[in-house]
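Quick one: structure below, then a few questions.
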Amino acid sequence: MYPCAPEDVRRVACVGAGVIGGGWAAHFLARGYDVTAWDPAPDAAVRLRRLIAAAWPALEQLGLADGASQDRLTVTATLEEAVADAQFIQESAPEKLGLKRDLLARLDAAAPAGTVIASSTSGYPMTDMQTEAADPGRLVVGHPFNPPYLIPLVEVVGGERTDPAAVEWASRFYEVAGKSVITMEREVPGFIANRLQEALWREALHMVANGEATVAEIDASITEGPGLRWAVMGPMLTFALAGGEGGMAHMLDHFGPSLKSPWTRLEAPELDRALYDAVVAGCDEAADGRSIADLVATRDRGVIDVLRATGRLPRTAEEATR
Ligand SMILES: NC(=O)C1=CN([C@@H]2O[C@H](COP(=O)(O)OP(=O)(O)OC[C@H]3O[C@@H](n4cnc5c(N)ncnc54)[C@H](O)[C@@H]3O)[C@@H](O)[C@H]2O)C=CC1
Ligand SMILES: C[N+](C)(C)CC(=O)CC(=O)[O-]
């Protein structure tokens with residue numbers, strides 16, 4: 001049914017080549033795949049090659065697969081050419097439901113029979129996106145994190161009409177391609193990680209809107225605080241340690257009653273013009289004159305340092321050869 005086993009994939013198509021599609025293309029190239037890409041924007045090829053070139057130093061530090069090369073990228077003139085021989089397709093077009101529905105149906109019509117098609121959507125359930133496709137069984141969500149070439153996690157989930165075997169195939173493929181995979185049994189709004197991030201972001205926006213904290217204070221509260229722990233242990237195990245020898249049970253007995261109010265207090269904030277402007281201005285101030293390219297390079301260096309420090313990457317040349 002599938003064109004090949006996940007282990008035998010050689011050609012991947014990336015459709016939509018902005019921040020995320022470009023990041024996926026960089027990741028797949030670094031893993032030694034041939035990548036075809038299509039994006040309707042007139043300047044897409046130039047932007048894509050620039051993004052991949054900027055990511056490449058970080059990818060070299062992570063370690064390139066044998067034969068990996070930026071030259072294995074082909075940017076095609078049409079969507080049909082991009083997917084004609086693809087053994088896996090990653091869709092990363094704008095987050096608009098109608099566009100995703102039409103595009104996934106078009107990809108389904110053009111792709112070789114059985115090729116799995118994954119959407120990078122950061123929130124739409126596949127059930128809502130697969131409505132127009134003739135073969136919805138091969139459509140899955142493969143939700144990455146920015147940048148996909150550095151952040152290991154991808155959340156995989158199907159829709160009501162997805163064949164569970166396609167979810168399994170996609171999860172295995174991502175693993176082979178070097179990702180850390182969470183395969184979800186059922187659709188959940190925002191998947192897992194974005195649901196958590198959205199809760200944090202909702203509170204952050206409320207604090208900016210109410211003048212309770214600045215953008216800089218919000219960022220520092222995470223990078224100087226819980227963010228340091230979260231790269232090592234998730235929020236659950238981290239809080240279990242807050243209970244001392246009594247672990248999570250003591251933590252819940254001790255703090256549960258006092259936490260009930262903050263859990264239920266706030267609705268989504270109104271993203272009005274004043275809040276929009278305050279968040280944008282706060283981020284400009286936090287960037288302190290650094291360009292987006294400078295910030296990307298700083299983030300990439302920092303994430304690699306964290307991956308090394310937490311043992312996900314070798315710390316020294318000696319460790320790398322062990
Ligand atoms: N930016 C982020 O942090 C993350 C985004 N995502 C998801 O990835 C997807 C892409 O988002 P970004 O890369 O951030 O957006 P982006 O705006 O950077 O890139 C979107 C690209 O799609 C192209 N495009 C427009 N119409 C298209 C069409 N009909 N077919 C194919 N391509 C088309 C645009 O020219 C553009 O290059 C979205 O579904 C988003 O939710 C997922 C995880 C993180
Ligand atoms: C902002 N975002 C919702 C598009 C973020 C994601 O979907 C994942 C990420 O990179 O944090």
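The values are calculated or read from the model by the stated rules, or taken from the named source; none is laboratory data. Bear in mind the structure is a predicted one, so any value in this text is a computation, not a measurement. Glycine gets a Cβ as well: all are built from the backbone with ideal geometry, and neighbour counts include every protein chain shown.
Can you name every residue in region 119-129 that is surrounded by 21 or more Cβ atoms within 10 Å (Cβ to Cβ) and farther than 22 Å from residue 197 by Cα?
Answer for region 119-129, where residues must be surrounded by 21 or more Cβ atoms within 10 Å (Cβ to Cβ) and farther than 22 Å from residue 197 by Cα: just 129.
Please note which helices (runs of 4 or more DSSP H) are completely contained in region 238-310 and include at least 3 residues that are touching a Gly at 6+ places or on another chain (Cβ under 9 Å) and surrounded by 12 or more Cβ atoms within 10 Å (Cβ to Cβ). Reasoning before the result, please.
Details: elements: 247-264, 273-287, 292-309.
Correct list: 247-264.
For region 189-211, state whether one or more residues are of a type outside the set (Gly, Ala, Ser) and at pLDDT below 90. Step through it out loud before you land on a result.
Step one: filter region 189-211 for residues of a type outside the set (Gly, Ala, Ser), giving 189, 191-192, 194-198, 200-203, 205-208, 210.
Okay, now just the ones that are also at pLDDT below 90, so 189.
Checked against the condition, which is being of a type outside the set (Gly, Ala, Ser) and at pLDDT below 90, region 189-211 yields at least one hit.
Among the numbered criteria (1) within 16 Å of ligand 2 (Cβ to nearest atom); (2) surrounded by fewer than 23 Cβ atoms within 10 Å (Cβ to Cβ); (3) in a helix (DSSP H, G or I), which single criterion is violated by residue 94?
(3)
Residues of region 181-229 being on the phi > 0 side of the Ramachandran plot and either part of a helix (DSSP H, G or I) or within 16 Å of ligand 1 (Cβ to nearest atom) (or both), which ones? Let's see the steps before the verdict.
Initially, region 181-229 is screened for residues on the phi > 0 side of the Ramachandran plot, giving 190-191, 211.
Listed by number, the residues that qualify are 190, 191.
Considering only residues that are surrounded by fewer than 21 Cβ atoms within 10 Å (Cβ to Cβ) and either in contact with a Cys (Cβ under 8 Å, 6 or more places away or on another chain) or under 30 Å from residue 307 (Cβ atoms) (or both), which ones fall in region 75-91?
Once the filter is applied, which keeps residues that are surrounded by fewer than 21 Cβ atoms within 10 Å (Cβ to Cβ) and either in contact with a Cys (Cβ under 8 Å, 6 or more places away or on another chain) or under 30 Å from residue 307 (Cβ atoms) (or both), region 75-91 yields only 75.
Look through region 130-161, keep the residues that are within 12 Å of ligand 1 (Cβ to nearest atom), of a type in the set (A, V, I, L, M, F, W, C) and crowded, with 24+ Cβ neighbours inside 10 Å, and return whichever of them is nearest to residue 192 (Cα to Cα).
The qualifying residue nearest to residue 192 (Cα to Cα) is 154.
Looking only at region 219-235, which residues are within 23 Å of residue 284 (Cα to Cα) and either exposed (fewer than 13 other Cβ atoms within 10 Å of the Cβ) or touching a residue at least 60 places away in the same chain (Cβ under 8 Å) (or both)?
Step one: filter region 219-235 for residues within 23 Å of residue 284 (Cα to Cα), giving 219-225, 227.
Matches in region 219-235: 219, 223, 224, 225.
Taking region 61-91, which residues are among the polar types (S, T, N, Q) and either in contact with a strand residue (DSSP E or B) (Cβ under 7 Å, 6 or more places away or on another chain) or within 16 Å of ligand 2 (Cβ to nearest atom) (or both)? Full working, then the answer.
Keep residues of region 61-91 that are among the polar types (S, T, N, Q), which gives 61, 69-70, 74, 76, 78, 87, 90.
Hits for region 61-91 are 74, 76, 78, 87, 90.
Counting only residues that are of a type in the set (A, V, I, L, M) and touching a residue at least 12 places away in the same chain (Cβ under 8 Å), which one in region 282-306 is nearest to residue 209 (Cα to Cα)?
Within region 282-306, the subset of a type in the set (A, V, I, L, M) is 286-287, 292-293, 295-297, 303-304, 306.
When the remaining residues are screened for being touching a residue at least 12 places away in the same chain (Cβ under 8 Å), the result is 286, 293, 296-297, 303-304, 306.
On the way: 286: 17, 293: 29, 296: 27, 297: 30, 303: 30, 304: 34, 306: 32 Å.
This residue is 286.
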